[in-house]
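Notes to accompany the following structure.
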Amino acid sequence: MDSVIAPLCLFIPLNCNNNKKKSYYCYYNSNHILNISTKNTTRFSVPSSAGIFNLKKFTAVSFRYDHRYRRGRSGCLRRAVMDSSNSASSPDMQKPKIVTGPGGYVLEDVPHLSDYIPDLPTYPNPLQDNPAYSVVKQYFVHVDDTVPQKIVVHKDGPRGVHFRRAGPRQRVYFDSDEVHACIVTCGGLCPGLNTVIREIVCGLYHMYGVKKVLGIDGGYRGFYAKNTVHLDPKVVNDIHKRGGTILGTSRGGHDTSKIVDSIQDRGINQVYIIGGDGTQGGAAVIFEEIRRRGLKVSVVGIPKTIDNDIPVIDKSFGFDTAVEEAQRAINAAHVEADSIENGIGLVKLMGRYSGFIAMYATLASRDVDCCLIPESPFYLEGPGGLFEYIEKRLKENGHMVIVIAEGAGQELLSESIQSMTLKDASGNKLLQDVGLWISQRIKDYFTKQRKIPINLKYIDPTYMIRAIPSNASDNVYCTLLAQSAVHGAMAGYTGFTSGLVNGRQTYIPFYRIIEKRNSVVITDRMWARLLSSTNQPSFLCLKDSIEDTGDEEQSNQLLANGHCGEEDSLISKI
């Protein structure tokens, strides 16, 4: 049978005669040649010049009715096969796999290769012959093992949402010799990136005997714009001792069509993507395009964000290291402030939208008098404002330490309206330097208005924190994340992120990772613990505090002039 070149939009009619059922099958190659055959075809012949990518690894994909089909006048089902360059904007997204059970049990399952590629062969898991696992009583995770998202429930309440437990399965969907994996790191730096890379490579090599692993140089654009790096245990042996990423990273550069074309051309069938919520969103689009083309390729995400703002998971790797290193900066600020009259140490920490690093570093250090984060609005002048509190602390202790997250107080900056419209390559809003701005405002207020001499020392350790190697706890966590990702890919799971939920490794569907941003809830107990530790005011008007009781999605007034009037207040959703 001859090959047919697929146009930009090709309608393929499925047989409408119930008496003569005929399934159509498609095979894609890297040049977008669409080869169609019927189920009763005994031989599948294509010209050698067609360049079919690794045809033996492909399984025929039978079209089935879903939201992507439309019915013609004759009642036949027709499917539009769109050009892959438009896939990123296409609403061709897979519906969530939901399993329900008694007592309100809901399993939000992750996709599997067998969902869209039928009759895939399976193989015995090599771990059953691995000496390292010979001491384990139960080699493999049971098919029904799940992990609840919420463990604190009422006795009469529903069992809630569960995720599939991570770990090795008894049968795998990849033969070790056929696996060709790749690893890519995207977005900003974070402690532990090299550890994750190392453990993915070593996990594939030592546990499953995989010898072909590529590193994609320079983030997403590295798939089509840069060279690859061969990775093996010898190459990655000691990279965990270094900060940054040996693969390089970048923001943006996500061209879905080019990326998936590159995956096909290189014969890659396992893709490990390390990055934050934006990167995981890109991974979800890549997975959808791979699924649309019917490729036997597992797409796995490892969540990375130093701000700890990815939802569902307990925490992201590198966060413990960031908090530990932030304490060093806070300690230095405390020494400087305590050594001089009216000394103020101001430390700016990371936290574009979420103030977890600032909050946990404050709780850990015990030297901080005031912590300012994006989720908790504050105002400067007037009764109950920041300036009044600073003056009070200076009179009581003679010195003060302030920690501020980079995203805090952006509404108060003079150029905030302009800054709202500027974004970086990843689509993140470009923020003004709140540390420098508030330092100058504090100096001007006390020296010009209050005539009180102060000595303010400003410390910004942002890039020092994220560029260091991960500490011991993060190294262990990175190992668990990486090995869980490898187990999941070998078991045929795809379109998922490996993450820790309630202390257990789980597989989380992409849509849950990218649906919202994790943030500090200032009506929660943890923020109350911080306020109790620092003895700082909440900087909320009394009226707001009363109205906001019991509501996690509250509106708080941000007052630039310190007055609690409704006319000049700015409302911010927390």
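The values are calculated or read from the model by the stated rules, or taken from the named source; none is laboratory data. Owing to the predicted nature of the structure, the values given are computational and were not obtained by experimental measurement. Every residue, glycine among them, receives a Cβ derived from its backbone with ideal geometry; neighbour counts consider all protein chains shown. Remember, those area values only see protein heavy atoms, side chains included, never the ligands or the DNA or RNA. Shrake-Rupley method; radii C 1.70, N 1.55, O 1.52, S 1.80 Å.
A few points about this structure:
- Pairing each residue of the stretch 402-424 that is at negative phi with any residue that is modelled with pLDDT under 80 and part of a helix (DSSP H, G or I), provided the two are 6+ apart or on different chains, yields C-beta distances under 8 Å for Gln410/Ser416; Gln410/Ser419; Leu413/Ser419.
- Complete set of residues in the stretch 274-308 that are closer than 12 Å to Phe510 by Cβ, part of a helix (DSSP H, G or I) and of a type in the set (A, V, I, L, M, F, W, C): Ala283, Ala284, Val285, Ile286, Phe287
- Only residues that are assigned to a helix (DSSP H, G or I) and either open to solvent by 20 Å² or more (accessible area, probe 1.4 Å) or out of contact with any Asp or Glu (no Cβ under 7 Å at 6 or more places or on another chain) (or both) were counted in the stretch 245-272, giving 9.
- Taken over the stretch 514-531, the residue count meeting the criterion of being touching a Gly at 6+ places or on another chain (Cβ under 7 Å) and over 17 Å from Ala364 (Cβ atoms) is 1.
- Sub-8 Å Cβ pairs linking a first residue in the stretch 432-450 that is without any contact (Cβ under 8 Å) to a residue 40 or more places away in the chain to a second residue that is among the hydrophobic types (A, V, I, L, M, F, W, C) and open to solvent by 40 Å² or more (accessible area, probe 1.4 Å), at least 6 apart or interchain, number zero.
- Within the stretch 112-138, the set of residues being surrounded by 15 or more Cβ atoms within 10 Å (Cβ to Cβ), at pLDDT 90 or above and assigned to a loop (DSSP other than H, G, I, E, B) comprises Tyr116, Ile117, Thr122, Asn125.
- Verdict on Tyr360 being open to solvent by 30 Å² or more (accessible area, probe 1.4 Å), of a type in the set (Phe, Trp, Tyr) and in contact with a Lys or Arg (Cβ under 7 Å, 6 or more places away or on another chain): no
- Test: residue in the stretch 185-203 that is at pLDDT 90 or above, farther than 20 Å from His240 by Cα and of a type in the set (A, V, I, L, M, F, W, C): no
- Meets criteria (open to solvent by 10 Å² or more (accessible area, probe 1.4 Å), in the same structural domain as Gly495 (by the TED database) and modelled with pLDDT of 90 or more) for Val141: yes
- Every pair of residues 6+ apart whose Cβ atoms lie under 9 Å, when the first sits in the stretch 157-170 and is on the phi > 0 side of the Ramachandran plot while the second is charged (D, E, K, R) and not in a strand (DSSP E or B): Gly160/Lys150; Gly167/Asp145
- Being touching a residue at least 24 places away in the same chain (Cβ under 8 Å), β-branched (Val, Ile, Thr), more than 28 Å from Phe317 (Cα to Cα) and in the same structural domain as Gly267 (by the TED database) is a property that holds for Thr122.
- Among the residues of the stretch 316-340, the one identified as part of a loop (DSSP other than H, G, I, E, B), in contact with a strand residue (DSSP E or B) (Cβ under 7 Å, 6 or more places away or on another chain) and open to solvent by 10 Å² or more (accessible area, probe 1.4 Å) is Ile340.
- Evaluation of Lys451 against (1) of a type outside the set (Val, Ile, Thr); (2) over 31 Å from the mean Cα position of the chain (by Cα); (3) surrounded by 21 or more Cβ atoms within 10 Å (Cβ to Cβ) (one fails), failing number: (3)
- Among the residues listed as Val236, Val184, the single one being in contact with a strand residue (DSSP E or B) (Cβ under 7 Å, 6 or more places away or on another chain), of a type in the set (A, V, I, L, M, F, W, C) and closer than 19 Å to Gln483 by Cβ: Val184
- Any hit, the stretch 288-304, residues being open to solvent by 10 Å² or more (accessible area, probe 1.4 Å) and at pLDDT below 95: yes
- Of the residues making up the stretch 93-111, those that are part of a loop (DSSP other than H, G, I, E, B) and closer than 28 Å to Glu289 by Cα are Met93, Gln94, Lys95, Pro96, Val110, Pro111.
- Check on Gly278, within 30 Å of Tyr353 (Cα to Cα) and open to solvent by 10 Å² or more (accessible area, probe 1.4 Å): yes
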